[in-house]
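S.K.: Got a structure here, written out as C-alpha cells. Questions coming.
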Amino acid sequence: MKLIYEQSVAGRPGVKLPAADVPRAADLPAGLLRDEPAGLPEVSELDVVRHYTNLSRRNFSVDTNFYPLGSCTMKYNAKVLENAAGLFSPYHPMTALLPTGERFSQGSLGMLHELGRWLAEITGMDEVTTQPLAGAHGEMTGIMLIAAYHKAKGNRKKYVVVPDSSHGTNPASAAMVGYEIITVPTAPYGDMDLELFRQAMNDEVAAVMMTCPNTLGLFNPHIREIADIAHAHDALMYYDGANLNAILGKVRPGDVGFDVIHVNLHKTFGTPHGGGGPGSGPVGVKTSLVPFLPMPRIVKKDDDSYALETDRPASIGRTANFFGNFGVMVKAFAYMAMLGREGLIQVSEQAVLNANYIMSQLKDYYDLPYDQTCMHECVFSAGKQLRHGVHAIDIAKYLIDRGYHPPTVYFPLIVKDAIMIEPTETESKATMDAFIAVMREAAAAAEKDPEALHTAPVSMPVSRLDETKAAREQNVCHMKW
Ligand SMILES: *Cc1c(COP(=O)(O)O)cnc(C)c1O
C-alpha cells in the first residue's frame, strides 16, 4: 500500500476552497510566514476514503475479530452508547463553572451524580469521585486519599503491600505517591501467601492493594481475614477494580473489607479499552475517606437541584479538568441504564461461564498451573510446548495468522510463558468453539512442525517485530506494505 503522500498527483485536490475574502497574511510577522506551499498531498476524496478504510482493515478490533486479551476486557461495546454520548456534545464542559452555570447544566451534573451513586451501590462504597482519567490515575488518586487519611490521623506510614501477581500499575501508583513497596509472593494454591502476608504486615503499612479475583483469575477466599489483619495495623484496603466483569452484582468489595476502589469504565462499562483512547477511572471510598475526595463535589440539594461544592478544606484538590472524561461517563451511565440490575448480574455470570468453558476445553492441550474454577479469565502456560522449543509468543503469532487477536502473554509474571485468556460475556459459544479449535491446532503444530510457529505471522504486513523497539521508537513508515 502506498503512503498517502505517494499517491499525490499535482492538480488533483480533493477539495476546492472558496477564494479568501479576508486580507491574506494579515498582520503576521514576516518570520512566521511560509516560504513555500505546505506540500499537502493532492488526492481525491475517494482516494482518501479508500486509503484510510484499507488501513483500518489492517487492524484487529473487537468489531472485526475475537480479541481474548486477558486482564484487559476487550468486550463488544454497543454502538447505541456512542449515540448517548453524542446527545451531550452541544454542552461545553465549562458551562457548569460559569457564575450562573449550574442552572444550565443540571442534566449533566445530575447524570454525574447519579453515575457516582450507581457505582457506589455496585462496589459497596459510600461515595465516588468520577474525576480520574484512567485506571492508573484512579489508583494514584486512591493512594493520595489514603495518604491524606493517615496524615490527618497523625499516622506514620511508609509502605504499601502488594501481591506479586498484581498489575504493574499498582506498585507504580503507590511509589508515585511516595510509598515503598512490599511484595508478597503467591502461594502454590494461587492466592497471595497468607502466612507471608501476615509476616509482612506492620504498623508502618499504609495500604494493601489487591485485585480479587487476582490476575490468575482466582477469587481469594481469605479476603476478609486479609482485610482484618490490615485494619488491625490501621492499614487501608485498596481494591483494583479495573476489571469488574468477574464480580458485577455478585460481590461488593466494600462488603468484604475494602475501603477504596477504582473501576475502569473503559473496560467494564461501555467504552473500548486500549489504543490510548479516553478512559475513566472513578474512585469509590468508605465514609472515613470522604472528606479528602477531589473537589468540586457534585451535591444534591434539598430542592433536588445539583450544585458544585468547593468548600472542602481537607480535599486533595482537583485531579482532572472538566470532571474527567465526560463522554466515557455518559456511555457508562447509558450502559447501566440499558442493562439494569438483572442485566449487570448476567454480565458477570456469562463472563465467568465463558472463561471456564474455554479453560475446560483447552486444559488437556496446555498446562494449567492453577487448576481451579476460574473467574472471568484463565491462565495457561505454554509449558508443554516449550519442550518443542515453542514459546507463548509463537502461539500468539500463530493466532494472528488465523484471524484472532492474541491473548495476553507473559503476564502474570509468576506463570512461565503465560497465556491469559479472557473471552468476556459478549462472545457466542460458536465463536469460542472456533477459537478453541485453532488453539488445539496450535498445540498440535507445536509438536509436529515447531519451525512453522517460529515464523508466524506470515499473512500480515509485518512479521515479527522487535516489540520493545517498536514501542520506544514508533515509526510506522518503515512498514513494508
Ligand atoms: C487495565 C488495568 C489497570 C490500568 O488501567 P489503565 O486505564 O490502563 O490505566 C490497572 N489494573 C488492572 C488489573 C488492569 O487490568
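The values are calculated or read from the model by the stated rules, or taken from the named source; none is laboratory data. Please read all numbers here as calculations on a predicted model, not as lab measurements. Backbone-built Cβ (ideal geometry, glycine too); neighbour counts: all protein chains shown.
S.K.: Out of region 106-139, which residues are within 16 Å of the ligand (Cβ to nearest atom), assigned to a strand (DSSP E or B) and surrounded by fewer than 22 Cβ atoms within 10 Å (Cβ to Cβ)?
M.R.: If we filter region 106-139 for residues that are within 16 Å of the ligand (Cβ to nearest atom), which is where we start, we get 119, 123, 129-139.
Next cut, assigned to a strand (DSSP E or B) only: 129.
Matches in region 106-139: none.
S.K.: Within the set of pairs 6 or more residues apart or between chains, which connect a residue that is part of a helix (DSSP H, G or I) inside region 84-105 to a residue that is of a type in the set (A, V, I, L, M, F, W, C) and at pLDDT below 75 with Cβ atoms less than 9 Å apart?
M.R.: Gly101/Met94; Glu102/Ala96; Phe104/Ala96; Phe104/Leu98
This table checks each residue for (1) surrounded by fewer than 16 Cβ atoms within 10 Å (Cβ to Cβ); (2) among the hydroxyl-bearing types (Ser, Thr, Tyr); (3) in contact (Cβ under 8 Å) with a residue 60 or more places away in the chain.
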| site | (1), (2), (3) |
| --- | --- |
| Lys416 | yes, no, no |
| Met420 | no, no, yes |
| Thr431 | no, yes, yes |
| Arg440 | yes, no, yes |
| Ala443 | no, no, yes |
| Ala446 | no, no, yes |
| Thr455 | yes, yes, no |
| Ala470 | yes, no, no |
| Gln474 | yes, no, no |
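S.K.: Something else now. Can Gly254 be described as farther than 23 Å from Met420 by Cβ and either modelled with pLDDT under 95 or in contact with a Gly (Cβ under 8 Å, 6 or more places away or on another chain) (or both)?
M.R.: Numbers: farther than 23 Å from Met420 by Cβ: yes; either modelled with pLDDT under 95 or in contact with a Gly (Cβ under 8 Å, 6 or more places away or on another chain) (or both): yes.
Yes; evaluated as a whole, the condition is true for this residue.
S.K.: Among the candidates Arg318, Arg312, which residue alone is closer than 25 Å to Gly281 by Cβ, in contact with a Lys or Arg (Cβ under 8 Å, 6 or more places away or on another chain) and in a loop (DSSP other than H, G, I, E, B)?
M.R.: On the way: Arg318 fails: in contact with a Lys or Arg (Cβ under 8 Å, 6 or more places away or on another chain).
Exactly one of Arg318, Arg312 is closer than 25 Å to Gly281 by Cβ, in contact with a Lys or Arg (Cβ under 8 Å, 6 or more places away or on another chain) and in a loop (DSSP other than H, G, I, E, B), namely Arg312.
S.K.: Among Phe219, Phe258, which is the only one that is over 15 Å from Glu139 (Cα atoms) and in contact (Cβ under 8 Å) with a residue 12 or more places away in the chain? Write out each step before concluding.
M.R.: Values: Phe258 fails: over 15 Å from Glu139 (Cα atoms).
Of Phe219, Phe258, the one residue that is over 15 Å from Glu139 (Cα atoms) and in contact (Cβ under 8 Å) with a residue 12 or more places away in the chain is Phe219.
S.K.: Kindly establish whether Gly178 is of a type outside the set (Asp, Glu), part of a helix (DSSP H, G or I) and either within 15 Å of the ligand (Cβ to nearest atom) or touching a helix residue (DSSP H, G or I) at 6+ places or on another chain (Cβ under 9 Å) (or both).
M.R.: Numbers: of a type outside the set (Asp, Glu): yes; part of a helix (DSSP H, G or I): no; either within 15 Å of the ligand (Cβ to nearest atom) or touching a helix residue (DSSP H, G or I) at 6+ places or on another chain (Cβ under 9 Å) (or both): yes.
No, not satisfied.
S.K.: Against the definition (out of contact with any Ser or Thr (no Cβ under 9 Å at 6 or more places or on another chain), over 30 Å from Gln372 (Cα atoms) and of a type in the set (Phe, Trp, Tyr)), how does Tyr189 come out, yes or no? Let's see the steps before the verdict.
M.R.: Working: out of contact with any Ser or Thr (no Cβ under 9 Å at 6 or more places or on another chain): yes; over 30 Å from Gln372 (Cα atoms): no; of a type in the set (Phe, Trp, Tyr): yes.
Here the answer is no, as Tyr189 does not meet what is asked.
S.K.: Can you work out which of the residues in region 256-276 that are within 10 Å of the ligand (Cβ to nearest atom) and surrounded by fewer than 24 Cβ atoms within 10 Å (Cβ to Cβ) is farthest from the chain's Cα centre (by Cα)?
M.R.: Residue satisfying both the conditions and the ranking: Gly276.
S.K.: Here is a further query. For Glu427, all conditions in the list (1) in a helix (DSSP H, G or I); (2) within 25 Å of the chain's Cα centre (by Cα); (3) in contact (Cβ under 8 Å) with a residue 24 or more places away in the chain hold save one; what is the number of the exception?
M.R.: (1)
S.K.: Taking Arg297 and the conditions (1) crowded, with 20+ Cβ neighbours inside 10 Å; (2) within 23 Å of Met144 (Cβ to Cβ); (3) of a type outside the set (Gly, Ala, Ser), which numbered condition does it fall short on, given that it satisfies the others?
M.R.: (1)
S.K.: For region 176-207, give me each residue that is of a type in the set (A, V, I, L, M) and in contact with a Leu (Cβ under 8 Å, 6 or more places away or on another chain).
M.R.: Looking only at region 176-207, we keep the residues that are of a type in the set (A, V, I, L, M), and these are 176-177, 181-182, 184, 187, 192, 194, 196, 200-201, 205-207.
Hits for region 176-207 are Val184, Ala187, Ala206, Ala207.
S.K.: Run down Ala437, Ala442 and say which single residue is in contact with a helix residue (DSSP H, G or I) (Cβ under 6 Å, 6 or more places away or on another chain) and in a helix (DSSP H, G or I).
M.R.: Details: Ala437 fails: in contact with a helix residue (DSSP H, G or I) (Cβ under 6 Å, 6 or more places away or on another chain).
Every option except Ala442 fails the conditions.
S.K.: Can you tell me which residues in region 277-288 are more than 10 Å from the ligand (Cβ to nearest atom) and surrounded by 24 or more Cβ atoms within 10 Å (Cβ to Cβ)?
M.R.: Of everything in region 277-288, those that are more than 10 Å from the ligand (Cβ to nearest atom) and surrounded by 24 or more Cβ atoms within 10 Å (Cβ to Cβ) turn out to be Pro282, Val283, Gly284, Val285.
S.K.: Name the single residue that is farthest from the ligand (Cβ to nearest atom) among those in region 228-255 being on the phi < 0 side of the Ramachandran plot and over 25 Å from the mean Cα position of the chain (by Cα).
M.R.: Checking each candidate, the answer is Ala232.
S.K.: Residue check, Glu342 against (1) assigned to a loop (DSSP other than H, G, I, E, B); (2) over 21 Å from Asp433 (Cβ atoms), all met but one. Which one?
M.R.: Checking Glu342 against (1) assigned to a loop (DSSP other than H, G, I, E, B); (2) over 21 Å from Asp433 (Cβ atoms), the one that fails is (1).
S.K.: Further question: Here is a list of conditions, (1) touching a strand residue (DSSP E or B) at 6+ places or on another chain (Cβ under 6 Å); (2) within 16 Å of the ligand (Cβ to nearest atom); (3) more than 29 Å from Val62 (Cβ to Cβ); (4) not β-branched (Val, Ile, Thr), and Asp191 meets all of them except one; can you say which number that is?
M.R.: It is condition (1) that Asp191 fails.
S.K.: Go through region 42-57 and count every residue that is at pLDDT below 90 and assigned to a loop (DSSP other than H, G, I, E, B).
M.R.: Residues that pass the stated criteria total 1.
S.K.: Here's a follow-up. What are the pairs with Cβ atoms under 8 angstrom where one residue, in region 364-380, is part of a strand (DSSP E or B) and the other, located anywhere, is among the hydroxyl-bearing types (Ser, Thr, Tyr)? Sequence gap at least six, or different chains.
M.R.: Asp367/Ser381; Val379/Thr215; Val379/Tyr370; Phe380/Tyr366
S.K.: Here's something else I'd like to know. Name the one entry in Glu377, Glu425 that is crowded, with 24+ Cβ neighbours inside 10 Å, within 15 Å of Gly217 (Cβ to Cβ) and charged (D, E, K, R). Quick ask: steps written out before the conclusion?
M.R.: Details: Glu425 fails: crowded, with 24+ Cβ neighbours inside 10 Å.
Exactly one of Glu377, Glu425 is crowded, with 24+ Cβ neighbours inside 10 Å, within 15 Å of Gly217 (Cβ to Cβ) and charged (D, E, K, R), namely Glu377.
S.K.: With the requirement that a residue be assigned to a helix (DSSP H, G or I) and touching a Leu at 6+ places or on another chain (Cβ under 8 Å), what does region 208-243 give you? Show your work before the answer.
M.R.: Initial filter on region 208-243 (assigned to a helix (DSSP H, G or I)): 223-232.
Those that are assigned to a helix (DSSP H, G or I) and touching a Leu at 6+ places or on another chain (Cβ under 8 Å): Glu225, Ile226, Ala230.
S.K.: Kindly list the number of the only condition in (1) within 18 Å of Leu293 (Cβ to Cβ); (2) part of a loop (DSSP other than H, G, I, E, B) that fails for Arg156.
M.R.: (1)
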